[in-house]
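In what follows, a structure is listed as structure tokens, so that the remarks can point back to it.
Read-outs: derived from the displayed coordinates by stated rules, not from any lab. All of these numbers come straight from a predicted model, not from anything done at the bench. Don't worry about glycine lacking a Cβ; one is built from the backbone with ideal geometry, like all the others, and counts go over all protein chains shown.
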Amino acid sequence: MSEGPRIGVFICHCGSNIAGHVDVEAVEAYARTLPGVVFVQRNLYTCSDAGLSEIKRAIAEEGLERVVVAACTPRTHEPLFQEACREAGLNPYLFEFVNIRDQCSWVHMQEPEAATEKAKDLVRMGVVKARLLEPLEEQEVEVEPAALVVGGGMIGMTAALNLAERGFAVRLVERGPRLGGLLLRLDKLYPTHEDARALVAKRVAEVEAHDRIEVFTSSVVSEIKGFVGNYEVKITSNRQPATGNQHSLRVGAIIVATGARVFKPEGLYGYDGQRVITQFELEERFRTGGFDAERVVMIQCVGARIPERPYCSRICCTTAIKNALQIRERQPHAQVYILYRDTETQGTRYEAYYTRAREAGIQFIRYSLRHPPEVTDERVVVYDELLGARLGIPYDLVVLSTPLVACEDARELAQMLKVPVDEHGFFLEAHVKLRPLDFATDGIYVAGTARWPAHLEETITQAYGAAARAATILSKDRITSSGVVARVDEALCRGCSRCVEVCEFGAPSLIETAPGMKVARVNPVMCKGCGACAAACPTGAMTAMHFTDEQVTAMVRAALGH
């Protein structure tokens, strides 16, 4: 009989993803030699129904007490294998995932022999850790079936309506005096040239008429406490904390749809708001009837794709095309030039839109950042990259295409929500491909240009997606949190607050146990098991469960061949 728990190892071919570069038969044979391993099996696709059934069968028939799966990535497949263990009667945290695809076969495609040896090392480390795994308990919490949507633009309103139609109460908070956001100030929408104001007015009427939606305008979120399923939110109306009205709410999920703002090009190309304006200001002239120009020059990438702001705002090219077509429709004899660095018209629909502009007589001239356009009192001088010549273009009006930038208070809201923003101030999702609308903090979601500049159609799709993600929380009476959390040995804790300072999710807090004596306590629902607190704790009082010092040390020793 083997000492310690009975361990089963399951090795996945993953089609050719793993088996094409790793000798899985050799890894299987090696796994059989490891201490504590009583069962080894290879599968073509371990994550398939057949593969999961084999795991459950082996747990029952072989009496497995620990399960190790060597396959692809835990980011996508770990819940599948944990649930298989649970269904077979094994605590799901007695399962260990070994990534021999991303960390082995994919990065060593040209070294199959070395990749095979590394796969053996990774399996050995996984088995060693599995022997030290402990069963963990999950926490259940009740869910408040209401949502908070921050931002009353088109995206926030769409998300709020979608949730309300699903039967959930929604609190919609808008910092401005009325709903609608930036679309209130636009004239037409590309590429359909639909009236922006009519679309916004229809959506506002739907929101204000819905009996499940409570709207707070001229309001901001001033405080957020709690955790997924049970957030306590304070809203300050009139935006004056000292004299404004305070509203306290309880919600189960939060959607961030605060949008973005248009960059104002102060000091660039002679911008004065009169003869040199932005595309946004041109839209306002269209809307109010104040446009009157026969010669218009548009300059793209103003304030974007530069060291200070290296990203492409994505919507600028199509906005310029739309407004250029609007000028030609209003004044068929007008001369319109678009000075561009690169034209971003993704997809056949926007490519056809660009072609339509060319056919309408709009002139496109390419310039480079080495020779940017010069705006004088009478002409715009530009070096045409394709002709290799300098051109002087007379103008009545110069229109600058500027990017969307993050709202000024995005970082303040992010701190309250305990979610990250990127270097430009846009909210940062948990994973750009796997969880594009989620934050790492459970129960909080993001949609629209608060996340990144995007076309209206794309952001509306995000609104529906974020509402659907929030509904997965709100539709449950109770939710279960992960068992992988930090635990405190109060006998060792001296209340230094280092764990409170380093935790991004606000899970630890200091509790007074006696006069002048404080210890740390961890809210298991808020904890993500990242281990930052355990690494920072000077006394060793904090332990990251499932990644204990003993487990990690054993893996390191196994990696070194001990």
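Would you mind computing the Rg to Rh ratio of region 1-70 from its alpha-carbon coordinates, Kirkwood style for Rh? Write out the running numbers ahead of the final one.
Numbers: Rg = 12.0 Å, Rh = 12.3 Å.
For region 1-70, the value is 0.98.
Please give the FRET efficiency for residue 331 paired with residue 211, using the beta carbon to beta carbon distance and R0 = 45 Å, rounded to the nearest 0.05.
Values: r = 47 Å, r/R0 = 1.05.
Calculated transfer efficiency: 0.45.
How large is the Rg to Rh ratio of region 486-545 when both quantities use alpha carbon positions and Rh follows Kirkwood? If you can, show how the numbers build up before the last one.
On the way: Rg = 10.3 Å, Rh = 11.1 Å.
So for region 486-545, dividing Rg by the Kirkwood Rh gives 0.92.
Note the full-extension length gain between residue 550 and residue 512 as 0.36 nm times their separation in residues minus their Cα-Cα distance, in nm to one decimal.
Numbers: separation 38, 0.36 × 38 = 13.68 nm, distance 3.00 nm.
Separation in residues times 0.36 nm, less the Cα-Cα distance, equals 10.7 nm.
Residue 52: net charge of surrounding residues, Cβ under 9 Å, Lys/Arg +1, Asp/Glu -1, itself excluded? Please list the in-between numbers first.
On the way: positive: 56; negative: 49, 54, 83, 87.
Around residue 52, the charge tally is -3.
Given the convex hull over the Cα atoms of the chain, what projected area results after averaging over all orientations, in nm²?
Details: hull surface 131.8 nm².
With the hull built on Cα positions only, its mean projection is 32.9 nm².
Measure nothing but the geometry: give the 0 to 90° angle between the long axis through the Cα atoms of 196-209 and the longest principal axis through the Cα atoms of the chain, rounded to 10°.
50
Need one number: nm distance between label points at residue 475 and residue 342, each 7 Å from Cα along Cα→Cβ, rounded to one decimal.
According to this spin-label approximation, the distance is 4.0 nm.
Could you tell me how many degrees, from 0 to 90 and to the nearest 10, lie between the Cα long axis of helix 279-288 and the main elongation axis, the longest principal axis, of the Cα atoms of the chain?
The answer is roughly 50 degrees.
Based on the alpha-carbon gyration tensor of region 337-456 and its eigenvalue square roots a ≥ b ≥ c, which shape applies: rounded if a/c is under 1.5, prolate if not and a/b is larger than b/c, or oblate? Write down the numbers at each step before the final one.
Details: a/c = 3.22, a/b = 2.13, b/c = 1.51.
Prolate, because a/c is 1.5 or more and a/b exceeds b/c.
How far apart, in nm, are two points set 7 Å out from the Cα along the Cα-to-Cβ line at residue 87 and at residue 45?
Label at residue 87, label at residue 45, 1.6 nm between them.
Residue by residue through region 173-181, what is 3J(HN,Hα) from phi via Karplus (6.51 cos²θ - 1.76 cosθ + 1.60, θ = phi - 60°)? Round to whole Hz and write x for glycine and proline.
10, 10, 6, x, x, 8, 6, x, x
Please turn the phi angles of region 335-351 into ³J(HN,Hα) values with the Karplus equation 6.51 cos²θ - 1.76 cosθ + 1.60 (θ = phi - 60°), one per residue in order, whole Hz, x for glycine and proline.
After applying 6.51 cos²θ - 1.76 cosθ + 1.60, I find 9, 10, 10, 10, 8, 10, 8, 8, 9, 9, 10, 6, x, 5, 5, 6, 5 Hz.
Just how far, in whole angstrom, is region 456-491 from region 18-54 if you go by their alpha carbon centroids?
If we compute the Cα centre of each part, the gap is 33 Å.
Taking every eigenvalue of the Cα gyration tensor of region 48-171, multiplying by 5 and rooting it, what semi-axes result, largest first, whole Å?
So the three semi-axes of region 48-171 are 39, 22, 13 Å.
Could you give each residue of region 218-226 its phi-based ³J(HN,Hα) in whole Hz, using Karplus coefficients 6.51, -1.76, 1.60 with θ = phi - 60°, and x for Gly or Pro?
6, 9, 9, 7, 9, 7, 9, 10, x
Compute the normalised compactness of region 318-403: alpha-carbon radius of gyration over 2.2 N^0.38 Å, N being the residue count. Don't skip to the answer; put the middle values down first.
Numbers: Rg = 13.1 Å, N = 86, 2.2 N^0.38 = 12.0 Å.
Compared with the compact-globule rule of thumb, region 318-403 sits at 1.09.
Among 17, 386, 273, whose Cα projects farthest towards the positive end of the dipole of the chain, with charges put on the beta-carbon of Lys, Arg (+1) and Asp, Glu (-1)?
Value: 273.
Does anyone have the angle between helix 549-559 and the longest principal axis of the chain? Alpha-carbon axes, 0 to 90°, nearest 10?
Between the helix axis and the principal axis of the chain, the angle is about 90 degrees.
What FRET efficiency would be calculated for the residue pair residue 76, residue 312, taking the C-beta separation as r and a Förster radius of 30 Å, to the nearest 0.05? List each step's numbers first, then the result.
Working: r = 29 Å, r/R0 = 0.97.
Rounded to the nearest 0.05, the efficiency is 0.55.
Can you give the FRET efficiency to the nearest 0.05 for residue 487 and residue 557, using r as the Cβ-Cβ distance and R₀ = 30 Å?
Step by step, r from the Cβ atoms, then E = 0.80.
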